[in-house]
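S.K.: Take a look at this one; I'll ask things after.
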Amino acid sequence: MRSDGTGHPDDAPGPGGSPDPFGFPGLPLPDPGVGGVVPDPLPRVERALVELFGEPDARASVTFLGVDPIEVLRFIRPPEPREAVPGDPNGPGGTSGSTGGPLVSYVTLGMSAEPMSDPAAPVVDPARGPRAELVLTLRPGTAPDRPPIDRVLRPLAVLAAAPRVEGVVPAPGASLDTGEALWPGAPFTAVLVGEPGGLVPDVPLPPPADPVRFLPLLPMTPNEAAWKRVHGAEALRELWLSRGIDTRDPRRAGAPLPG
């Protein structure tokens, strides 16, 4: 996937960021205006994230030619008392019982500003249509040699801009190829789109707009992505589970594939 990025994606998200003037809990968005135009949903989306995770400890913005900037927010989450099952980033309830260190969640902000639509559609509805943001959760550990996972912000921003740049509409079970390593030295060059509604609940918007859904991303090695293309997303998730693969481990090797 290519993009005419003109921002500074090689910089890790810096601390802080401009304050959100709309970030007051319980502040309603105005009703849709004339013609069914939905007010900017991004303040409501960010407010929902802050209420769930707390304030982001860092954020960065990537700008693409002809497209509004895409932000990536970083949230540091405490270790879970019980881990999610391997290959399922949507929440606790797994089997290992090991905390494994804090989790880092990267969430895009800007993809949901407009509904995603079929680029071949003769008429584009400015209000109706699916809206989504992307979520990538990793457990980097605390060792001094931890991978430079903050550099994932550019690939995430590229994927979030794809609906407007290339007409690519991500859906659960789809593979998204970044065309580059997710971060320097990473063995992952693609992600599997998971089911929404687990880690981050949908954010409702005023009618007639669809709610904003948060799509979790699971990193895949090139071999895993090729195997998934043949056998399907569910088969890959079952393979990860049977091999004890935790897709949130940035140091993991690719799953051994059946012959």
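S.K.: In segment 131-145, which residues are open to solvent by 60 Å² or more (accessible area, probe 1.4 Å) and either in contact (Cβ under 8 Å) with a residue 12 or more places away in the chain or farther than 30 Å from E80 by Cα (or both)?
M.R.: Looking only at segment 131-145, we keep the residues that are open to solvent by 60 Å² or more (accessible area, probe 1.4 Å), and these are 142, 144-145.
Answer for segment 131-145, where residues must be open to solvent by 60 Å² or more (accessible area, probe 1.4 Å) and either in contact (Cβ under 8 Å) with a residue 12 or more places away in the chain or farther than 30 Å from E80 by Cα (or both): just T142.
S.K.: From the list V168, V203, which one is β-branched (V, I, T), under 28 Å from F53 (Cβ atoms) and open to solvent by 30 Å² or more (accessible area, probe 1.4 Å)? So that I can check it myself, show each step before the final result.
M.R.: Values: V203 fails: open to solvent by 30 Å² or more (accessible area, probe 1.4 Å).
Only one candidate passes the filter, namely V168.
S.K.: From the residues in segment 36-62 that are under 15 Å from V152 (Cα atoms) and of a type outside the set (D, E, K, R), which one is most open to solvent (accessible area, probe 1.4 Å)?
M.R.: Selected residue: S61.
S.K.: Another question, then. Just to verify a result, which residue in segment 99-123, among those that are at pLDDT below 80 and aliphatic (A, V, I, L, M), is most open to solvent (accessible area, probe 1.4 Å)?
M.R.: V123
S.K.: Just one of the numbered conditions (1) in contact with a Ser or Thr (Cβ under 6 Å, 6 or more places away or on another chain); (2) not in a loop (DSSP other than H, G, I, E, B) is not true of L136; which one?
M.R.: Among (1) in contact with a Ser or Thr (Cβ under 6 Å, 6 or more places away or on another chain); (2) not in a loop (DSSP other than H, G, I, E, B), L136 violates only (1).
S.K.: Which of the residues spanning segment 198-249 are part of a loop (DSSP other than H, G, I, E, B), within 14 Å of the chain's Cα centre (by Cα) and within 30 Å of P39 (Cβ to Cβ)?
M.R.: Residues satisfying the conditions are G198, L199, V200, P201, D202.
S.K.: I'm told T247 meets every condition in (1) open to solvent by 40 Å² or more (accessible area, probe 1.4 Å); (2) under 19 Å from L103 (Cβ atoms); (3) polar (S, T, N, Q) except one. Can you identify the failing condition by its number?
M.R.: Result: T247 passes all but (1).
S.K.: Still on this structure, please answer the following. How many residues are at pLDDT 95 or above and crowded, with 19+ Cβ neighbours inside 10 Å when one looks only at segment 206-232?
M.R.: Of the residues in that region, 12 qualify.
S.K.: Just checking, how many residues over segment 176-197 are within 13 Å of the chain's Cα centre (by Cα) and either among the small types (G, A, S) or open to solvent by 10 Å² or more (accessible area, probe 1.4 Å) (or both)?
M.R.: Total satisfying the criteria: 6.
S.K.: Still on this model: Look at segment 233-244 and say how many of its residues are without any contact (Cβ under 8 Å) to a residue 24 or more places away in the chain and buried (at least 22 other Cβ atoms within 10 Å of the Cβ).
M.R.: 0
S.K.: Being outside any strand (DSSP E or B) and open to solvent by 40 Å² or more (accessible area, probe 1.4 Å) is the filter; apply it to segment 63-83 and report the residue that is modelled with the lowest pLDDT.
M.R.: Per the criteria, the residue is R82.
The values are calculated or read from the model by the stated rules, or taken from the named source; none is laboratory data. None of these values were measured; they are calculated from a predicted model. Here Cβ is always computed from backbone atoms with ideal geometry, including for glycine, and neighbour counts include all displayed protein chains. What goes into the accessible areas is simple: the full protein's heavy atoms, side chains included, and nothing from ligands, DNA or RNA. Shrake-Rupley method; radii C 1.70, N 1.55, O 1.52, S 1.80 Å.
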